[in-house]
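Have a look at the structure below, then the notes.
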Amino acid sequence: MDREQMSGIAHADHPIKSPLDDDAVRALLARALPRGDERILDLGCGGGEWLLRALAMHPGLRAEGVDISAAALEQARASAIDRGVEDRLVLHQSEAEAFSAPHGFDLVLSVGAAHAFGGLLPTLAAARKHLAPGGRVLIGDGFWIADPSPEAVEMLGDFTDLATTMDRVKADGWTPVHGHVSTRREMDDYEWACWGSLSSWALDHPSDPDSAQVLETAETRYTEWLRVYRDTWGFLTLVLRETR
């Protein structure tokens with residue numbers, strides 16, 4: 001089983017592929033979309049859950065999503081039809097860095113996908129290219145709650161603490177107008193959902209040739225979470241406007 005298939009199973013019960021609960025997602029979108037008639041873009045949209053929820057909240061919204069995965073975009077299309085918002089959603093199969101549009105966007109979002117751009121600041125640089133004057137960015141990425149082990153840094157990336165992360169964002173020309181630090185409950189709920197879904201799938205499909213691999217992966221991820229990064233890694237989601 002490839003990584004994309006496994007991710008689909010892991011996130012079946014947590015379609016927002018980040019440690020955020022439904023109330024937090026709703027509040028972030030409300031702050032990021034003050035009018036309700038914006039044009040929005042998701043760089044690395046995956047199955048499009050952020051866009052679908054935004055479209056459901058605001059009938060006047062128009063949305064576009066970019067992702068390299070044909071399977072994820074097909075899932076987004078199917079979900080858009082199910083929710084009755086397909087006429088306001090355009091999906092592009094493309095590398096996010098290569099995507100271009102003839103118009104700017106009132107909101108550019110990228111939550112939990114900064115690794116694809118090489119980090120938080122490169123993700124903000126990519127978002128800035130698509131931002132209409134006066135627009136906003138909704139971005140989510142990790143930070144260190146406490147000093148991490150070398151193993152945690154190697155596993156998750158070279159983050160900084162919360163204060164330093166905020167300093168870097170401000171120095172890059174952005175002003176935070178709203179933010180959310182994921183709670184311990186949100187962090188734990190996300191991990192339980194992902195690795196529990198993998199474990200359940202493996203146990204429900206004992207004769208599948210991938211069953212043993214999936215169960216082993218779930219067990220490995222549980223161990224990494226509990227022993228390597230649970231007490232040191234956090235997640236920050238920001239709504240930003242350009243300072244200049």
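The values are calculated or read from the model by the stated rules, or taken from the named source; none is laboratory data. Keep in mind it's a predicted model, so treat the numbers as computed, not measured. So basically every Cβ, Gly included, is an ideal-geometry build from the backbone, and we count neighbours across all protein chains shown. Only protein heavy atoms, including side chains, enter the accessible area calculation; ligands, DNA and RNA are left aside. Shrake-Rupley method; radii C 1.70, N 1.55, O 1.52, S 1.80 Å.
Okay, residues lined up against (1) of a type outside the set (S, T, N, Q); (2) without any contact (Cβ under 8 Å) to a residue 24 or more places away in the chain; (3) assigned to a strand (DSSP E or B); (4) out of contact with any strand residue (DSSP E or B) (no Cβ under 6 Å at 6 or more places or on another chain):
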site: Ala101; (1), (2), (3), (4): yes, no, no, yes
site: Asp106; (1), (2), (3), (4): yes, no, yes, no
site: His115; (1), (2), (3), (4): yes, no, no, yes
site: Gly118; (1), (2), (3), (4): yes, yes, no, yes
site: Thr123; (1), (2), (3), (4): no, no, no, no
site: Arg128; (1), (2), (3), (4): yes, no, no, yes
site: Gly134; (1), (2), (3), (4): yes, no, yes, yes
site: Val137; (1), (2), (3), (4): yes, no, yes, no
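Only one of the listed residues (Ser69, Ser79, Ser94) is of a type in the set (Ser, Thr, Tyr), under 24 Å from Thr217 (Cα atoms) and out of contact with any His (no Cβ under 8 Å at 6 or more places or on another chain). That residue is Ser69. Limited to the stretch 235-244, what total is found for residues that are in a strand (DSSP E or B) and not aliphatic (A, V, I, L, M)? Result for the stretch 235-244: 4.
Residues that are among the hydrophobic types (A, V, I, L, M, F, W, C), open to solvent by 40 Å² or more (accessible area, probe 1.4 Å), under 21 Å from the mean Cα position of the chain (by Cα) and more than 17 Å from Leu20 (Cα to Cα) within the stretch 167-185 comprise just one, Val177. Looking across the stretch 11-45 at every residue that is in a loop (DSSP other than H, G, I, E, B), among the small types (Gly, Ala, Ser) and touching a residue at least 40 places away in the same chain (Cβ under 8 Å), the one that is farthest from Val85 (Cα to Cα) is identified as Ser18.
Once the stretch 203-234 is narrowed to residues that are in a helix (DSSP H, G or I) and within 21 Å of the chain's Cα centre (by Cα), the residue that is farthest from Pro150 (Cα to Cα) is Ala218. Just one of Gly84, Gly60, Gly8 is surrounded by fewer than 15 Cβ atoms within 10 Å (Cβ to Cβ), touching a residue at least 12 places away in the same chain (Cβ under 8 Å) and of a type outside the set (S, T, N, Q); which is it? From the options Gly84, Gly60, Gly8, the qualifying one is Gly60.
Applying the set (1) farther than 30 Å from Gly36 by Cβ; (2) in contact with a Phe, Trp or Tyr (Cβ under 9 Å, 6 or more places away or on another chain); (3) surrounded by 14 or more Cβ atoms within 10 Å (Cβ to Cβ) to Met155 leaves exactly one unmet item: (3). Being open to solvent by 20 Å² or more (accessible area, probe 1.4 Å), in contact (Cβ under 8 Å) with a residue 60 or more places away in the chain and closer than 25 Å to Trp233 by Cβ is a property that Phe143 lacks.
Determine whether the stretch 77-94 contains at least one residue that is at positive phi and within 15 Å of the chain's Cα centre (by Cα). There is no residue in the stretch 77-94 that is at positive phi and within 15 Å of the chain's Cα centre (by Cα).
Ala163 satisfies every condition listed in (1) under 14 Å from Phe235 (Cα atoms); (2) assigned to a helix (DSSP H, G or I); (3) open to solvent by less than 40 Å² (accessible area, probe 1.4 Å); (4) not charged (D, E, K, R) except (3).
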